[in-house]
2 protein chains.
Amino acid sequence: MDLIVQKFGGTSVANAERVEHVADLITRTYDKGNNVLAVVSAQGKFTDVLVDKANEINPKGSRREMDVLLSAGEQISIALLALAIEKRGYPVKSMLGWQAGFVTDSNHSNARIRRINTERVQNELAKRTIIIVAGFQGLDRYDDMTTLGRGGSDTSAVALAAALNAKKCQIYTDVDGVYTADPRIVKGAKKLDSISYDEMLELATLGAQVLHNRSVEMAKRYNVDLEVLSSLEDRPGTIIKEEANVEKMIISGVAKDTNVARISLLELKDQPGMAFRIFSLLAKEKINVDIILQSVGRDGTKDITFTVAKENADHAVEILSKSKEQIGCKAVLCDKEVAKVSIVGAGMESNPGVACKLFDALAQANINIDMVSTSEIKISVLIHIDDAQRAVAAIHDKFYND
Amino acid sequence: MDLIVQKFGGTSVANAERVEHVADLITRTYDKGNNVLAVVSAQGKFTDVLVDKANEINPKGSRREMDVLLSAGEQISIALLALAIEKRGYPVKSMLGWQAGFVTDSNHSNARIRRINTERVQNELAKRTIIIVAGFQGLDRYDDMTTLGRGGSDTSAVALAAALNAKKCQIYTDVDGVYTADPRIVKGAKKLDSISYDEMLELATLGAQVLHNRSVEMAKRYNVDLEVLSSLEDRPGTIIKEEANVEKMIISGVAKDTNVARISLLELKDQPGMAFRIFSLLAKEKINVDIILQSVGRDGTKDITFTVAKENADHAVEILSKSKEQIGCKAVLCDKEVAKVSIVGAGMESNPGVACKLFDALAQANINIDMVSTSEIKISVLIHIDDAQRAVAAIHDKFYND
């Protein structure tokens, strides 16, 4: 008996009608002769409602109590979905995260899964019971409720699929797959039939908000076949697996990320260890640095420019300004009006002309490039934020329609 | 270190302001040098909201899933209350029913407590942590969520007070104590300083909806001192204990219950075993029978009249009508327009004139009595429902103001 793990996000179970629809999707999969385990998030904006309730009372409460509060959301969803499946006459049982065996560390609000004790789930699956598991939550070794942080339900689903050796892990969401660009921006954006884990990871990091990185990393590690598809439309989505079907396309997607700020340190003394000193200051504050660009030295000084997430920009500037003397730099500049646009594709490696084609597209659109960064399967450029949307369209057009 | 168990109902934690107020009550008790364990219900009408959600999807769902759904309500309350106490700078931990050690049978939606494993709670109390426990819920031996049914949070509180040998169990509610009659009906109803378990049991059964019977029974069994008091007003409530302070009053209260229906079986054959046959039919359907009255036989036939809860009346009539031949009865009549009015008092036993005084009060008010039933500490009369309110006032007046 094959096991299919299906994950349904908050919008998929937002109201009674949606819950009924999800029950249909699950029972249809079951009727095809599969065992089904569904992982569910809290209904619609219910988590936000709970956060508001907490903030009204104590915005600086402990993460332990926040986890107790927030994990109630999924508890409601699993019960409602189980009730809908019961109505259809199928054997079904809902399980809280800990009932499904999720043991995590004690890092409340952003816990890591330590292990999954699958005994209970397996006993139920052996009886052909449909299982509805509360995503996003687990229990630490002190028997305290924990939550897995952003994208937690995706992670729960992939982890269960791995632990139970499921045939497939289907992530139902409000888009019907992974596109070559954001279809809301780029007319003619194409849905991909498949994409590799690495490409998906680059796309996710670069702001294509279909799947959370953690779940893709886990799928890659345990080689779980993922499928992203829409709970509202009845058609295949995008498969994410180790070796994607080699398609004719060189790049698998264009992504933009506007949550970026550029910080420049001017006229640093050109001496060894300078970069280390700067970035260790930021690392100490847990500020992640993305693209780094160092100018060629001139007159015994050099400039270092890098990008950080917008919300970390002020903090980074503050730290570096305080240490200006120590690192011997003249000025710290910050520009929040930037965006990162990237192309991702496993085919890039063997196609040397890709970067050139990208620059061509931007030049034709008269868009100035600030910084460039490349990896084996991705090229990112930093441009002015006002040009971002146009850049994505121009690049997509160049690669897919030329 | 004395332990005070405090229970707060849904209205006491209905919104942020109320939660803050409850946090003040708890920390004030703690500051007096007590350990405090609070048991909390779901916020305001939240349980009803959840029931509505379930009914919209499947009104005939399993009780197992309903328990998963409903127990989310208390989970939200305990977290919010813990957050409010954290804000005040006190050590606090919320605990779900199972984390506080509640093990129940598997009778979902109306589970019985089997035992409470108090180890975790005691460890925390030893550290002077304030503990907030989700009432109404537990876990059965299959690790499934269970709920304790109506009045469940009261029962949770009393059970914990008993298991932890608490000094007192305070039940905070929206009334400030137990009255000699419903103060909304009877002007001049008096608050009792204290009342015995038995009197309270009779009053609760008879419709004085201050405390659920189960919690009073448990308090009696384990000799837990209960106090009913208001979370909104800062004054002593009513103490419920084994030996209430002997008061001058003969009766401790007048109660009315309008959730009653009277069923009459006419012209039954007057032969042995008849009552058994009738009531075993009802027992099989789990229909509780209250007052039973059997007429003296005449012409070889007799009549049997009894009362049931209103919601069971139609079902009882249906069953008995079906078996009319078998039990040899002419007609099954049902009257839902009745009410039961009762007086309760431990002093009754040694005061033979009580019943007479009751009948006198009703006669003066020109209220006809349908049935009478007495126990050692209570007298109940069945009257027309339209007379109920007037009857309570007349009786109260007779006993307290004459």
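The values are calculated or read from the model by the stated rules, or taken from the named source; none is laboratory data. Since the model is a prediction, treat every value here as computed from it, not as a measurement. Using ideal geometry, Cβ is built from the backbone for each residue, glycine included, and neighbour counts are taken over all protein chains shown. Calculation scope for accessible area: heavy atoms of the full protein, side chains included, ligands and nucleic acids excluded. Shrake-Rupley method; radii C 1.70, N 1.55, O 1.52, S 1.80 Å.
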task = Would you confirm whether any residue within the range B:100-108 is within 11 Å of chain A (Cβ to nearest Cβ), assigned to a loop (DSSP other than H, G, I, E, B), open to solvent by 40 Å² or more (accessible area, probe 1.4 Å) and not aliphatic (A, V, I, L, M)?
result = no
query = With respect to the numbered conditions (1) open to solvent by 30 Å² or more (accessible area, probe 1.4 Å); (2) assigned to a strand (DSSP E or B), which one is the sole condition not fulfilled by B:E243?
reply = (2)
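Mind listing whichever residues of the range A:90-99 are open to solvent by 30 Å² or more (accessible area, probe 1.4 Å) and within 11 Å of another protein chain (Cβ to nearest Cβ)?
A:P91, A:K93, A:W98
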key: Failed item in (1) among the β-branched types (V, I, T); (2) under 24 Å from A:L362 (Cα atoms); (3) open to solvent by 60 Å² or more (accessible area, probe 1.4 Å), with A:V296 passing the rest   = (2)
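A quick yes/no check of all residues on (1) more than 8 Å from chain A (Cβ to nearest Cβ); (2) basic (K, R); (3) in contact with a Phe, Trp or Tyr (Cβ under 9 Å, 6 or more places away or on another chain):
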| site | (1), (2), (3) |
| --- | --- |
| B:L3 | yes, no, no |
| B:G9 | yes, no, yes |
| B:A16 | no, no, no |
| B:H21 | yes, no, no |
| B:A54 | no, no, no |
| B:K60 | no, yes, no |
ask   = When residues of the range A:118-137 are filtered for being away from chain B (no Cβ under 14 Å) and either of a type in the set (K, R) or assigned to a strand (DSSP E or B) (or both), how many remain?
value = 1
query = Does the range B:41-48 include one or more residues that are closer than 15 Å to B:I85 by Cβ, in the same structural domain as B:L164 (by TED's automatic domain parsing) and not β-branched (V, I, T)?
reply = no
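Kindly evaluate B:A72 against the criterion of being touching a residue at least 60 places away in the same chain (Cβ under 8 Å), within 11 Å of chain A (Cβ to nearest Cβ), of a type in the set (A, V, I, L, M) and buried (at least 24 other Cβ atoms within 10 Å of the Cβ).
Working: touching a residue at least 60 places away in the same chain (Cβ under 8 Å): no; within 11 Å of chain A (Cβ to nearest Cβ): yes; of a type in the set (A, V, I, L, M): yes; buried (at least 24 other Cβ atoms within 10 Å of the Cβ): yes.
It is false that B:A72 is touching a residue at least 60 places away in the same chain (Cβ under 8 Å), within 11 Å of chain A (Cβ to nearest Cβ), of a type in the set (A, V, I, L, M) and buried (at least 24 other Cβ atoms within 10 Å of the Cβ).
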Verdict on B:R221 being modelled with pLDDT under 85, out of contact with any strand residue (DSSP E or B) (no Cβ under 9 Å at 6 or more places or on another chain) and open to solvent by 10 Å² or more (accessible area, probe 1.4 Å) = no
request  = Check whether at least one residue in the range B:224-233 is over 26 Å from the mean Cα position of the chain (by Cα) and touching a residue at least 12 places away in the same chain (Cβ under 8 Å), and report yes or no.
outcome  = no
ask   = Would a scan of the range B:201-212 turn up a residue that is touching a residue at least 24 places away in the same chain (Cβ under 8 Å) and closer than 30 Å to A:E65 by Cβ?
value = yes
ask   = When the residues of the range A:53-66 are filtered to those that are under 12 Å from B:A82 (Cα atoms) and out of contact with any Asp or Glu (no Cβ under 9 Å at 6 or more places or on another chain), which remaining residue is most open to solvent (accessible area, probe 1.4 Å)?
value = A:R63
inquiry  = Condition first: under 13 Å from A:I395 (Cβ atoms) and open to solvent by 60 Å² or more (accessible area, probe 1.4 Å). Now tell me which residues in the range A:361-377 satisfy that.
reply    = A:A363, A:Q364
request  = With the checklist (1) more than 8 Å from chain A (Cβ to nearest Cβ); (2) farther than 24 Å from B:R141 by Cα; (3) not β-branched (V, I, T) in hand, flag the one item B:K87 doesn't pass.
outcome  = (1)
message = For the range B:24-52, give me the residue count where each residue is in a loop (DSSP other than H, G, I, E, B), within 14 Å of chain A (Cβ to nearest Cβ) and surrounded by fewer than 16 Cβ atoms within 10 Å (Cβ to Cβ).
response = 0
query = Quick one: would you say B:R114 is open to solvent by 40 Å² or more (accessible area, probe 1.4 Å), in contact with a His (Cβ under 8 Å, 6 or more places away or on another chain), more than 9 Å from every other protein chain (Cβ to nearest Cβ) and not hydrophobic (A, V, I, L, M, F, W, C)?
reply = no
key: Of all residues making up the range A:145-162, the number that are within 14 Å of another protein chain (Cβ to nearest Cβ) and open to solvent by 10 Å² or more (accessible area, probe 1.4 Å)   = 0
remark   = The condition from (1) modelled with pLDDT under 95; (2) open to solvent by 10 Å² or more (accessible area, probe 1.4 Å); (3) polar (S, T, N, Q) that B:S12 misses is numbered (2)
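Name the residues in the range A:75-84 that are over 24 Å from the mean Cα position of the chain (by Cα) and either within 7 Å of another protein chain (Cβ to nearest Cβ) or more than 18 Å from A:A134 (Cβ to Cβ) (or both), would you?
Initial filter on the range A:75-84 (over 24 Å from the mean Cα position of the chain (by Cα)): A:76, A:79-84.
Within the range A:75-84, A:I76, A:A79, A:L80, A:A82, A:L83, A:A84 meet the criteria.
Condition test on A:A393, is it modelled with pLDDT of 90 or more, crowded, with 17+ Cβ neighbours inside 10 Å and either part of a helix (DSSP H, G or I) or of a type in the set (D, E, K, R) (or both)? Quick ask: steps written out before the conclusion?
Working: modelled with pLDDT of 90 or more: yes; crowded, with 17+ Cβ neighbours inside 10 Å: yes; either part of a helix (DSSP H, G or I) or of a type in the set (D, E, K, R) (or both): yes.
Judged against the criteria, A:A393 is a match.
Just checking, how many residues over the range A:372-390 are assigned to a strand (DSSP E or B) and charged (D, E, K, R)? First the steps, then the outcome.
At the first step, the residues of the range A:372-390 found to be assigned to a strand (DSSP E or B) are A:372-375, A:378-384.
Now restrict to residues that are charged (D, E, K, R): A:378.
Matching residues across the range A:372-390 total 1.
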message = Yes or no: the range B:163-172 includes at least one residue that is assigned by TED's automatic domain parsing to the domain that holds B:R18, assigned to a loop (DSSP other than H, G, I, E, B) and either of a type in the set (D, E, K, R) or open to solvent by 30 Å² or more (accessible area, probe 1.4 Å) (or both).
response = yes
ask   = So, of the residues in the range A:334-353 that are at pLDDT 85 or above and either touching an Asp or Glu at 6+ places or on another chain (Cβ under 6 Å) or aliphatic (A, V, I, L, M) (or both), which turns out to be surrounded by the most Cβ atoms within 10 Å (Cβ to Cβ)?
value = A:I343
inquiry  = Give me the residue from the range A:247-270 that is open to solvent by 70 Å² or more (accessible area, probe 1.4 Å) and not in a strand (DSSP E or B) and, out of that set, nearest to A:K191 (Cα to Cα).
reply    = A:K248
note = Among residues of the range B:188-202 being open to solvent by less than 10 Å² (accessible area, probe 1.4 Å) and in contact with a helix residue (DSSP H, G or I) (Cβ under 6 Å, 6 or more places away or on another chain), the residue nearest to B:S252 (Cα to Cα) is B:M200
Filter result (closer than 17 Å to A:L293 by Cα and touching a strand residue (DSSP E or B) at 6+ places or on another chain (Cβ under 8 Å)) within the range A:362-376 = A:N368, A:I369, A:D370, A:M371, A:V372, A:S373, A:T374
